[in-house]
Amino acid sequence: MSRRIKLYLSAAGIIILPFLATHFFVPNKQFESNAEQFEFAQTYQEGVPACEAYAELLKADSLNSSYQFAFAKEWYNADKKERQFMQFRLRKQDAFPPDRDARWRNSSDAQLRNHGLFGRAALDIYLNRAVDTKFFLDSISDDNFPGKNLLLGMAALDIEAFDTAEKYFQQEVVNDEFKQIALEELYQIYLRHGSYDKISDLLNEPLLNGIISPTLERYIYFWRGDYLKYFITIPKHMYSGASWMVLIGAVLVVLMWLYYMAQLNKLVNITVSLVVTCFFLACVADVPCLMLYDLYTALGFGFEGSFINDLTYSIFGIGLIEELTKLLPILLLLKIKPNWFNKPMDYIFAAMACALAFSFTENIMYFSKHGLEIISTRAIVCVLGHMICSCIAVYGFVVAKFNNKKGGLVLTLIKYFLLACVLHGVYDFGLIYSESGALWFISVFAELAGLYYWGSILNNSLNNSGAYANQKLLNLERLNVSLVALFCGFFFIEYFVYSIVFGPSQSIFVVEKAAFSGLYIIPFLAFRLSRIDLSPSGWDSLVGSDNITFDLTEILDHPFSLHALKNVGTIATMLPCNGIITERITIKNDRNWFLFVPDAGSKHPNRLLLKLKDDQYTYDTKDVVVYVRQVKQVTVFNEGPLPLNIFPFVDWGVLNKLD
C-alpha cells in the first residue's frame, strides 16, 4: 500500500471513530410540547425528517390543519426514494397521514371528514392537481376551516386566476395559523404583476409587523424609491437571523481555507496585507451584488421557468453579477496599490481571499436560512466553487502580464472572465432551474471542470512565482491530506452538532444529504491537487499538462550511471560515466528535463540534460532510455524558460539508478 493511500485512510479513520461514538451514545432530542416540536421542525428540518416529525405530531394532535399542511409541503419536497422508505415505516405504525385522511373522508363526524378532505387537498395542491384540490376543498362543510382559503388561492394560482387567488389569500390573512404563508403568496402575485403600490401597503400594515422578511422589505424600499431605507436594509438582509452557531460555522469555514492559503504562502511569500485587504473589501461585496440583483429584478430579468431564459439568467445574471462583484476589490487595489501585484500568485491569492470573504457573508445568509446541516456542503463545494471561478476570472490578468501571449489585454481579460461566468452560471442552473430535477449532473460537471482548470491555474501561478526554489519548505502531499482531513472534520462537526440539537436518529439524514451534495468532491479535489507539479517556470494549458507522475525526492541528488544506447558516434567518446541529477529544468515550456552532473574525473566533465524517451517509465526503471543534450553554459538556467536549440542533441543514452 502506497504512503499516500495510508495517509488518506488514516485521515478517514480519525473521522469515522468519533462519528460512530456520537451515533451510538448521544441521546435523541426530547420536546416539552407539541408547539415546541412543531416550531423546531419548521425552523430546522426539511424533507423526510420533517415529514416524520409532522407525522408524529399528527398522532398526538390529529385535528391540526397546520400539521397537515406542513406534512404535505415537505412530502412533496422529499426525495422519492426516501419517501417510499418513510411511508413503509409509518404504515407499520399506522401513522401515515394520507392513509388516515382517506379513512376520515368517509367519516360521519363532520370535523374528522373536514380534516380528511383538507389533508388530501394539501397533497394535491403540491402535486399540481388544482382541479382535485378544489373538489376536496369545496366538500369541506366549514367555510372558515383554517387553511381552506389558502389552498383555494393556491389552486387558483395554478390556473392563473390571479384576481381570485388574491381574494382567497386576503381572506386567509386574518387567520393567524396561515397568515405568513398567505402574505408570501400575496407578495408573489403583486411582484409578478408589478403592483408595487400594493407591496408598499403590505409594509405599512401593522398586522404584518415581524412577518415581512428583510429581503421583501429591501425590495419594497427599492421599488418605492426610498433609497436611504433601502441601503440600511441591505446589511439587515445579510446578517438577520445570524445566531452565534451560524457565525461560528461561517468563521470555521474561513479559517480552514486560510490555513490552506497560509501553507501555500510558504512557497511564494505573498504580502499578507494584500490578502487581508482583499478579504475585508470583499466582505462588503455582497452589497453591490444585492443591488445588481435588485436592478435585474426591476428590469424584469429573472427566472421564468423556461430553459433558455433561465440558463441565460444563470450565466449573465447570477454568474456575471457575482464574479464582477468579487473582482471589484482587486480592480480597486490594482489602481491604488499596483506594487502589491508583482507575480502570478499575488493575483491568485487576492482572488481566493475575495471569494472566501464573499462566501463568508453568503454562508451567514444560507446557514441562517437552511441551518447548519449544509455547513460541509457549503465549506467544500460552494466556497471551493467561488474560489475556482474567482481564480479563473483573474487569470486573464496573469496570462496577459506574465505569459506574453498574443491576443491583446482586453480580449484575454474578457475570455477568462466569461469562462468564470459560464461555469458559475451552469453550476447554479443545474441546482436552481425549476424544471430540471434530473439536471443535477450539470452542476457536478461544471464543478469538476472548474476544479480541473483551477488546478492548472494554481500550478502555473506557483511555477512562475518562485515556488520551485522553496519547495523544500512545504510538503504538498501532506498539505493535501491535511485539507482532506479538515473537510472530513467539518463533516463530523456538522453531524455532531446536528446530533446534539436534533438527535442521532434525525442526523443520519444529514450524513446522506452531505454525501450526495458535497462529499463527492473530496476524492476529485485530492486527486487534482496531488497533480500539482512544481518546476522552474513553464506554462501549461488549462485543458492539459505534462505533469510528471513520479516522486522527485527519489531522483534529485541521487547517483546514476549513464552509458550510450549505441556505442558509436560522439556519445561513445563521452560515456559511460556516473553522476547525480541535481535539478529540474524547463525548456521550451517542457518541464520534464533534468540536469545531470558527472562525477569528477569522468570522460565528459560537462553537464548534460536528460529526459525520458517514454513517459510510461520512471527514472527508477532499469535501463531506461533518455534523450541526452549538451549544456555549454550553466548560467543560462537563471534566465527563465529556455529555447531547446541552445542545447545540442547528442544521442540516446541509457540511465540506471545506483543503490
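Each peptide in 412-420, 454-462, 603-611, 221-229 receives the mean, over its residues, of other Cβ atoms within 10 Å, and ordering these scores from highest gives 454-462, 412-420, 603-611, 221-229.
The gain in end-to-end length when the residue 228 to residue 620 segment is fully stretched comes to 134.1 nm, 0.36 nm per residue minus the alpha carbon separation. Relative protection proxy for 286-298, 149-161, from highest mean packing down: 149-161, 286-298 (other beta-carbon atoms within 10 angstrom).
Against the criterion of solvent-accessible heavy-atom surface with a 1.4 angstrom probe, 388, 442, 580 sort, most first, into 580, 442, 388. Note that the stretch 213-346 presents 45 Å² accessible area per residue, ligands and nucleic acids not counted, probe 1.4 Å.
Counting only aspartates and glutamates at least 8 places from residue 622 when in the same chain, those with an alpha carbon closer than 17 Å to its own are 551, 554, 614, 659. A crude spin-label estimate for the pair residue 244 and residue 276, with each label 7 Å from Cα along the Cβ direction, gives 2.7 nm. All Cα-Cα separations within the stretch 326-404 were binned at 5 Å from zero, giving a P(r) of 3, 16, 23, 20, 14, 10, 7, 5, 2, 0, each value a whole percent of the pairs.
Calculated FRET efficiency, residue 167 to residue 304, Cβ-Cβ distance, R0 = 22 Å: about 0.30 to the nearest 0.05.
In this structure, the pairs whose alpha-carbon distance is over 22 Å, taken from 134/179; 229/326; 326/415; 337/401, are 229/326.
What does the net charge come to around residue 577 if you take all other residues with beta carbon closer than 13 Å to its beta carbon, with K and R at +1 and D and E at -1? Charge balance in the 13 Å sphere: +1.
The values are calculated or read from the model by the stated rules, or taken from the named source; none is laboratory data. Bear in mind that the values here come from a model prediction, so they are computed numbers and not experimental data. Glycine also receives a Cβ, built like all others from the backbone with ideal geometry; neighbour counts cover every protein chain displayed. When the accessible area is computed, the model is the full protein with side chains, heavy atoms only, and any ligands, DNA or RNA have been set aside. Shrake-Rupley method; radii C 1.70, N 1.55, O 1.52, S 1.80 Å.
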